[in-house]
Amino acid sequence: MSNEQRWEKRFTQLVAFKKKYAHCDVPSHWPEDRCFAHWVSNQRSFRNQKRLLQDRVDRLDQLGFRWHPLLGQAAPMPSLRGRITARDALWNAQFANLVAFKNQQGHCRVGKKDGYAGRLHKWMIRQRVKSRHHQLSPEQRQRLDEIGFDWTGHQLQFSGWEKRFAQLVDFKARFGHCDVHGHWPEDPLFAHWVSNQRSFRNHGKLKPDRIARLEQIGFKWDNRYRRDALIASFQQHLAALDRQWDAKLAELVEYKKQHGHCRVPRHHIPLQQLGAWVIRQRRDARLQRLRPDRRQRLEAIGFDWDIQLIGRERWEVNWAKLIAFKAAHGHCHVPYDYPPDPSLGHWVYTQRRRHKYRQLAPDLCARLAEIGFRWLLPMKPISSASSFHAQLVALNHRWEKQLAEWRQA
């Protein structure tokens with residue numbers, strides 16, 4: 001369809017619209033055909049940009065098309081009127097929630113986590129935005145003014161600062177200073193707020209009255225914590241870290257009692273956290289960040305530091321199993337879930353996969369090739385020879401059944 005034909009089709013639709021509603025003011029969100037409403041809006045834009053042909057302008061004028069519909073727009077259609085009514089109902093419901101919040105709290109400073117799943121907080125933000133763009137009706141603004149609505153949002157920010165300042169006063173009463181460590185375990189967000197006050201002051205963003213109030217309680221601007229001696233709060237943090245480390249070491253000792261080694265699997269969900277902790281100990285030791293006393297305690301239980309050596313030892317164990325399998329069966333085609341030893345089938349499958357992606361060391365490839373190990377077997381794991389044969393029989397049966405149905409059709 002050409003552009004001329006599409007325009008004629010929409011013009012015919014506009015004629016029918018006027019015959020039905022007695023005007024051409026199609027709402028921009030007309031639910032019956034939004035593409036048609038968009039076309040009507042485009043005619044006004046094209047005319048303002050002098051891109052609309054004169055004969056089309058004349059035909060629209062003859063139809064009674066208004067180029068500035070907002071200057072005396074007709075009453076909304078029933079469908080649009082219903083949408084406006086629903087929107088007003090939603091606004092009234094949120095306003096009622098705000099009134100209820102004020103009756104309980106005594107103010108309208110609704111935070112993100114102050115009930116209503118954060119919807120009331122977002123609604124208040126929208127009212128401020130609409131007010132700045134003159135999109136809020138005078139009646140709605142008056143109703144909000146009557147309950148003391150905060151149009152700037154500064155009251156909420158002020159209350160947040162006051163809450164943190166009160167928390168800082170309590171901190172000083174407890175520890176005798178205001179040097180909150182950046183990793184204070186009781187409330188990391190409070191520690192971050194304290195750090196921000198120093199940063200805001202250095203960049204000239206902290207109000208003078210707040211600077212004065214902080215200095216009155218002995219707040220220090222030049223340092224974040226005492227460098228001559230660890231503060232009490234930081235000592236508590238270090239003590240908590242030591243307790244966590246000791247708890248993980250106790251878990252590792254228990255694991256060794258059950259399995260006879262300290263090689264905790266990394267991806268096993270019940271032991272995932274312990275496995276990650278074991279990896280961190282090896283990394284800290286490699287980077288010389290592990291404390292000597294902790295390294296000594298790990299070595300006392302037989303901790304394995306060289307993970308590559310551990311992997312080579314496991315490879316040698318499975319290599320010996322594969323040699324025994326070949327001696328018993330005459331080949332190296334171990335099924336994926338080999339019943340006597342499923343781990344051997346998994347290991348054989350892994351060797352083929354690592355060889356395919358060039359992740360297997362050359363010396364290991366050579367040793368496997370010397371015993372007649374085949375690399376080009378199907379990469380998809382199969383359970384066993386008998387089960388794989390059963391799968392093929394079932395697949396062939398389904399294929400023949402489908403073929404018979406096709407022939408009958």
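The values are calculated or read from the model by the stated rules, or taken from the named source; none is laboratory data. The structure displayed is predicted, hence computed values, not measured ones. As a convention, Cβ positions derive from the backbone with ideal geometry for all residues, glycine included, and neighbour counts pool all protein chains shown.
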Number of positions in the stretch 1-43 that are closer than 15 Å to residue 64 by Cβ, assigned to a helix (DSSP H, G or I) and in contact (Cβ under 8 Å) with a residue 24 or more places away in the chain: 6
Elements of type helices (runs of 4 or more DSSP H) contained in the stretch 179-280, each with 3 or more residues being modelled with pLDDT under 85 and farther than 20 Å from residue 295 by Cα: 232-259
Scope the stretch 3-27; condition surrounded by 11 or more Cβ atoms within 10 Å (Cβ to Cβ) and of a type in the set (Ser, Thr, Tyr); matching residues: 21
Selection status of residue 97, over 21 Å from residue 136 (Cβ atoms) and either touching a helix residue (DSSP H, G or I) at 6+ places or on another chain (Cβ under 9 Å) or at pLDDT 90 or above (or both): no
Within the stretch 101-121, considering residues that are within 22 Å of the chain's Cα centre (by Cα) and at pLDDT 80 or above, the one farthest from residue 145 (Cα to Cα): 119
Pair list, Cβ < 7 Å and 6+ apart or interchain, from the stretch 209-227 residues that are in the same structural domain as residue 195 (by TED's automatic domain parsing) to residues that are surrounded by fewer than 12 Cβ atoms within 10 Å (Cβ to Cβ) and at pLDDT below 85: none
Candidate set: the stretch 143-175, residues that are part of a loop (DSSP other than H, G, I, E, B) and either modelled with pLDDT under 80 or not β-branched (Val, Ile, Thr) (or both); chosen: the one nearest to residue 94 (Cα to Cα): 149
Some residue of the stretch 324-340 being free of Cβ contacts under 8 Å to residues at least 24 places away in the same chain and among the basic types (Lys, Arg): no
Residue match in the stretch 59-73 (condition: more than 15 Å from residue 10 (Cα to Cα), at pLDDT below 85 and either polar (S, T, N, Q) or assigned by TED's automatic domain parsing to the domain that holds residue 11 (or both)): yes
Residue satisfying all of: in the stretch 295-308; among the hydrophobic types (A, V, I, L, M, F, W, C) and in a loop (DSSP other than H, G, I, E, B); modelled with the lowest pLDDT among these: 305
Every residue from the stretch 165-180 that is touching a Leu at 6+ places or on another chain (Cβ under 9 Å) and not aliphatic (A, V, I, L, M): 165, 178
Residue in the stretch 344-356 that is of a type outside the set (A, V, I, L, M, F, W, C) and surrounded by fewer than 12 Cβ atoms within 10 Å (Cβ to Cβ) present: no
Of all residues in the stretch 15-50 being in contact with a His (Cβ under 9 Å, 6 or more places away or on another chain) and small (Gly, Ala, Ser), the one that is nearest to residue 62 (Cα to Cα): 37
Among (1) modelled with pLDDT under 90; (2) more than 34 Å from the chain's Cα centre (by Cα), the one test that residue 292 misses: (1)
Pairs, first within 17 Å of residue 214 (Cβ to Cβ) and exposed (fewer than 15 other Cβ atoms within 10 Å of the Cβ) in the stretch 167-191, second of a type in the set (Val, Ile, Thr) and modelled with pLDDT of 80 or more, C-beta under 8 Å, six or more apart: 169/217
